[in-house]
Structures are given as C-alpha cells and as structure tokens.
Amino acid sequence: MSEPGKVKLALVGAGGSANRRGLSAGFNSAGSWGQQHARIFATRPDVDFCALVGRNPEKTRERAAEYGARAYVSIEEMLTKEAPDLVSLCLPNQGHFEATLQVIRAGVPLLVEKPLVFDLREANALMNEAAKRNVFFAINFNHRYAKPVQLAHEAIQAGRLGDLTFASWRFGGEGGAGHPHANLIETQCHGFDMLEHLCGPIESVMAEMTDKTGGGYRTLSIALRFASGAVGSLIGTYDSSYAYPDTHRVELDGTKGRSVIHDTVKRYTFHASGSEIGESWEAGYFNDEERDFHRTFDKHVDALLAALREKRQPPIHAHAGYRALLIAEAAVQSFESGRRVKVEG
C-alpha cells in the first residue's frame, strides 16, 4: 500500500543502470531518458516509487533494487499486485503501442514519452480507448517547461510581440535509424508541439526531405502555415551534432517585436520592433536548475502530479502527441506528392 499522501507510481522501462551519484547530480547522456524518470520518481518525497517493469528479469531486479522498487517483467502482474495511482512509460521509440494500450485498458492514469506512436492507426486506437475510459493520459513534451520557452509564451500572451507573422524552429543532432522518418516523428515532434503551443494550430505544410546520408530521411525542411495566417519553417536533422552551439533555435516574429530561444534552456532574448536595445535572460551563477535541460522534466512532473491529485486534465494531454503525428504524416504526404497538404483533425 502507498504511504498516506503519496502518489503510488510504477515505471515501465528504465534505460541503463544508474548510480547514487547520478540520482543526485542528474544524468547528462541523451540516451538515458528512462533514468531521468527513475531519478525524479525515486527522489520525490511525494511519490511512492513502487515498481519497475522491464524485459530482462535479472537486469530489471538490479535496476529496481537501485531505486528501492519492486521488479516485474509483466505489466499485467504489476498492475494487479501494485494497483498504482500512475504509470509512467519510457520505452524504445517504436515500442510504445502495446504497453500503452494495456495500461489504458486497465483504466490507470499514465504518462508516456514522446512520440506517442509512429502510426496514425495506432494513435487513433490509443486516443479512442483513453476517451472511452476517461483516462488521465499525459505525454512528456518537457521542452515547454524550459525558462526561455516560458518567457516567450508569456511575451506572446501579453501581446508584446503583437500579431505573429512568422516562426522558425531549427533542431539538429545525432540520431538513430530503424524508421525512414525517425527524425521527423521522434524528434521534431517537439518542434511541432512547441510551435503550436506558442503560435496556435498548424494548418498546412509543404516538405522537402533528403536521404543522402542513408538510413532514411534524416534531414528535412518544412514550410508551415498557421491557422492565424502566420507562416513558419522547421528544419530538423540527424546529420548534425548536439555538441554544436545553438544546435536548437526558435525565432518568433510579430508586428511589435521578436523573441528568440537559444538551445532550449540556454538563453532568451526579446527586442521591441525597431529597437536596437533588447532584453535577455540567461541562468545566473547559482541557478543550476534553470540551465539544466533535464530539470524541465522535473517541472513538468510538478504540474502533472498536481493535476492528478486535483482530478484535472494533465498539463500536456496526449492529444498534443496525436497532433504532432498528424503534422508529421501531412509532411510525409507533402514530400511524396510534391504539394501543400492540409493538416486534418
């Protein structure tokens, strides 16, 4: 049984092994996101991290022991024995569907990692099953909780940018393969989500993609039109490096000013129209929390657990993941047909 006042939580998937120093200091590897789930849930005083589900019995026992959780290799058995208040899922990008569907059908609140899935039929099945059961269904688009993104959102909502005219997103690094549109679906979903979060719905897309380096369409460029009438662009690639400065850049232009987000958490600037003097934000000397990308997830969990306790909808509903996949599918159709494609739904 969970301790009074605590959310009883189970994690499905935890990546590689952790250590106690990592739990306190945070992880720096881009490939250890499952460990970020475990770090957060194992160290929060308001969470009873009860169970970890993995595929390999021995490794799962070892990892569960590191976090003081019980080990399982069956989601069904875990749900029956533990009866968690929330299940968090962090699985390989193309292995989301079956496990997510199983938790939804059990009627248990859940948080899933992006992307939602790679296939629209699977996405529709998940959304329909969750809607039928009125399940709390959240997705981790943690970029929204970066300080520069929050400042940009506040500036837009306050009217400081005026009417938005265009927005651009560029994000490039290294990445895997296994799917011809892996970069588009599993990484640029963050771009689609953030642009819609800041600028409103994307109405249509026109796309160019290249497979010149092999392993699928690893680099792409998409022209966007927003429902508001503004236009935009998205450039994404796995043929670059996360080590490059300014590997991530978002520019938002309006009739009254411009905001720029650098490397998600690194820097934010605002200039009023016509002014050479602007405002900027960067984390101060002791402000480790705001400069750490991983801590954007901690902030999301703060908001998510508050919503769960208060029986509200999640701060980022899984529908945002569905929207990102709809836009990605429209981009594929545009590239293959050589025409502009409207985003339906």
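The relative contact order of the stretch 30-136, computed from alpha carbon pairs under 8 Å that lie at least 6 residues apart in sequence, is 20 percent.
A Cβ-based charge dipole, computed about the Cα centre of the stretch 190-256 with Lys and Arg at +1 and Asp and Glu at -1, lands at about 60 debye. In terms of its C-alpha gyration tensor, the stretch 237-345 has an oblate overall shape, because the principal axis ratio a/c (a ≥ b ≥ c, square roots of the eigenvalues) is not below 1.5 and a/b does not outweigh b/c. Segment ILE277..SER337, full-extension length gain: 17.1 nm, with 0.36 nm per residue of separation and the alpha-carbon distance subtracted.
Projected over every direction and averaged, the convex hull enclosing the alpha-carbon atoms of the stretch 129-212 yields 8.5 nm². Counting only Cβ charges, +1 for Lys and Arg and -1 for Asp and Glu, the dipole size of the chain around its Cα centre is about 380 debye.
Annotation: aspartates and glutamates with alpha-carbon distance below 18 angstrom to LYS6 (same-chain offsets under eight excluded): ASP46, ASP48, GLU82, ASP85, ASP298, ASP302, GLU310.
Computed from backbone phi with θ = phi - 60° and the Karplus coefficients 6.51, -1.76 and 1.60, the 3J(HN,Hα) list for the stretch 118-129 is 9, 10, 5, 5, 5, 4, 4, 4, 5, 5, 5, 5 Hz; x is used for glycine and proline.
Close amide-amide hydrogen proximity is noted between GLU203 and ARG225, PHE226, ALA227, each under 5 Å apart and 5 or more residues distant or on a separate chain (H modeled in the peptide plane; Pro and chain starts excluded). Packing-based ranking of 35-45, 271-281 yields 35-45, 271-281, ordered from highest to lowest mean Cβ neighbour count within 10 Å. In this calculation the C-beta distance from LYS132 to ARG309 is compared with R0 = 22 Å, giving a FRET efficiency of 0.40. As a proxy for reagent exposure, ranking MET206, MET78 by other Cβ atoms within 10 Å from fewest up yields MET206, MET78. Look at ILE261, ILE235 and count the other Cβ atoms within 10 Å of each Cβ; fewest to most, that gives ILE235, ILE261. The magnitude of the dipole of the stretch 225-326, with charges of +1 and -1 set on the Cβ of Lys/Arg and Asp/Glu and taken from the Cα centre, is near 560 debye.
Checking the Cα-Cα distances for LYS8/LYS114; LYS114/LYS342; LYS256/LYS342; LYS147/LYS342 against a 25 Å cut-off, the pairs over it are LYS256/LYS342; LYS147/LYS342.
No lab work stands behind these numbers, since they all come straight from the coordinates. Note that this is a predicted model, so its numbers are computed, not measured. A quick note on method: Cβ atoms are made from the backbone with ideal geometry, for glycine too, and the neighbour counts reach across all protein chains shown.
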